[in-house]
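The values are calculated or read from the model by the stated rules, or taken from the named source; none is laboratory data. Not measured: the values here are computed from a predicted model. Cβ atoms come from the backbone with ideal geometry, glycine included; neighbour counts cover every protein chain shown. All accessible areas refer to the heavy atoms of the entire protein, side chains included, with ligands and DNA or RNA removed. Shrake-Rupley method; radii C 1.70, N 1.55, O 1.52, S 1.80 Å.
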Amino acid sequence: MWRYLLIAFIWVVFYIVIPGLGAFHVRKRWRTFRKHITDSTFLPRITYNRLVRAEEGYLGAYRFFGNLEAIQGDDIVWIRSGSVSLSADLAGVHVYLLPGFSHSQNEGIVERNEETLPDEMPQQLPWSQVFSLSEGTSVYMSGPLFLHHGQAVFRSTEECELTVVIYDGDAGSILRRSIWGGRQRNEYWNSFTPASLIAGTLALLFIAYNFLRITGAAVPATLALGLSTTPVLAFLPPGIPIFLLYRFFWKKGRLRRAERDILRLPMRYLENPTVEAEQTAQLPDGGRYTVRVFRSKEAALASMSEKKIRTTALLKAEDEAERQYFVFDAGGSDPMAEELLIPGHPFEIASLCVRKARLYEWISLGAFGLCYVINLLFALTLFGLLIVR
């Protein structure tokens, strides 16, 4: 019995526990990134007028859209936007590089996030590993701002780190792209996983080798050999079709969670998120953010200067007549306060996305488990035949 317990212990620790802890870590990291980007939209933008009236020392938390002017030494970058030029101390700061957004011009009125946004995560790099940035690179920055000898400087503090995003395209796409892409494609595969899988495989092979030298231990040796193939087991026949089914539903679940997050975004400024009628909120720069509720899609679109619809494929076209249409508008005063039409209450649609995401994830996990069991039985049969011979 102790042999089976030892095998089970190694399998659970190296193939489940350690990668699982890494999965929680990486999910928390990306959740923190999305939160920092969203929270930064509540900060005012630093302007020339604010700087000329400021006193030396800590000015507060601000955000800034600019272009790279120069890099001074190892950690100081200079960024300019119009009449404002400031520096940032990036020592110890992680920088996020957003994937390209080259197909946005062909999107049309309806957002097609699955088609236009790349299916890849932003790159997260320590500033010390960013080796080349060309002059004019677009940079978004938020965090603590100081005035030192008349020069504005972004700098992390113990209480608040800088958020630095390098992007292409227009500034108005930063929030949408960050929230959509800022999540791990597969949490199980993280920085802890490769070493853990290698260690587990070597440990099981070592145990199998020693069991084969003991009379009467052929069964636990076969089990150890079979389980040692866990890192590649899902990719082998006869379970490959089921593995592809797992990947298909896992991706659909991930996309539904991304839709949930971006559908909730326009509601973040409102004091009453259950709004059913017109409501106005003040933006951090003093502009007004308004939500209006319409009974018809035509009237809602007619009220918009820049027409853009955010929705989900889960909504049925035949139900349009029964929906309310929510129009969010900042009058172009803030690039991160999106002008959108959402066909239905954003929180209700987001809840629908959550329910579907959970369903898809459970189906995908079931498919992976079935694939694993089928391939494991096949491997155990094969190893058993070889050992008997």
Pairs where the first residue, in region 37-52, is closer than 17 Å to G66 by Cβ and the second is modelled with pLDDT under 95 and among the acidic types (D, E), C-beta under 7 Å, 6+ apart: P44/D285; R45/D285
Test: residue in region 54-71 that is free of Cβ contacts under 8 Å to residues at least 24 places away in the same chain and either open to solvent by 30 Å² or more (accessible area, probe 1.4 Å) or over 22 Å from Q123 (Cβ atoms) (or both): no
Condition check for A299: farther than 27 Å from R177 by Cα, free of Cβ contacts under 8 Å to residues at least 40 places away in the same chain and small (G, A, S): yes
Flag if E114 is within 30 Å of W250 (Cβ to Cβ) and part of a loop (DSSP other than H, G, I, E, B): no
Region 351-389: number of residues that are free of Cβ contacts under 8 Å to residues at least 60 places away in the same chain, farther than 30 Å from I37 by Cα and assigned to a helix (DSSP H, G or I): 8
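Looking at region 220-327, what helices (runs of 4 or more DSSP H) fall wholly within it and have at least 3 residues that are within 28 Å of E114 (Cα to Cα), at pLDDT 90 or above and open to solvent by 70 Å² or more (accessible area, probe 1.4 Å)? Give the steps one after another, and end with the answer.
Values: elements: 230-233, 240-264, 297-302.
Because the criterion is at least 3 residues that are within 28 Å of E114 (Cα to Cα), at pLDDT 90 or above and open to solvent by 70 Å² or more (accessible area, probe 1.4 Å), the helices (runs of 4 or more DSSP H) in region 220-327 that meet it are 240-264.
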Residue within region 117-137 that is modelled with pLDDT under 90, crowded, with 19+ Cβ neighbours inside 10 Å and closer than 30 Å to L263 by Cα present: yes
Within region 328-343, considering residues that are assigned to a loop (DSSP other than H, G, I, E, B) and at pLDDT 90 or above, the one surrounded by the most Cβ atoms within 10 Å (Cβ to Cβ): A337
Which numbered condition G57 fails, given (1) within 26 Å of the chain's Cα centre (by Cα); (2) on the phi > 0 side of the Ramachandran plot: (1)
Residue pairs meeting the criteria (Cβ under 7 Å; at least 6 apart or on separate chains; first farther than 10 Å from R34 by Cα, in region 177-198; second small (G, A, S)): E187/A23; Y188/A23; N190/G22; N190/A23; S191/G22; F192/G22; T193/G22
Matching option when the condition is more than 29 Å from I46 (Cα to Cα) and more than 26 Å from the chain's Cα centre (by Cα), among F368, F383: F383
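Residue by residue, here is whether (1) in contact with a Pro (Cβ under 9 Å, 6 or more places away or on another chain); (2) among the small types (G, A, S); (3) on the phi < 0 side of the Ramachandran plot holds:
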position	(1), (2), (3)
S303	no, yes, yes
T311	yes, no, yes
E322	no, no, yes
G331	no, yes, no
A350	no, yes, yes
L380	no, no, yes
Tally, over region 1-19, of residues that are open to solvent by 20 Å² or more (accessible area, probe 1.4 Å) and touching a residue at least 12 places away in the same chain (Cβ under 8 Å): 7
In region 127-137, the residues that are under 12 Å from V165 (Cα atoms) and not in a helix (DSSP H, G or I): T137
Conditions (1) surrounded by fewer than 22 Cβ atoms within 10 Å (Cβ to Cβ); (2) outside any helix (DSSP H, G or I): number failed by E348: (2)
Single unsatisfied condition, D89 versus (1) under 25 Å from the mean Cα position of the chain (by Cα); (2) surrounded by 15 or more Cβ atoms within 10 Å (Cβ to Cβ): (1)
Residue among T222, T230, T193, T201 that alone is among the β-branched types (V, I, T) and under 23 Å from the mean Cα position of the chain (by Cα): T193
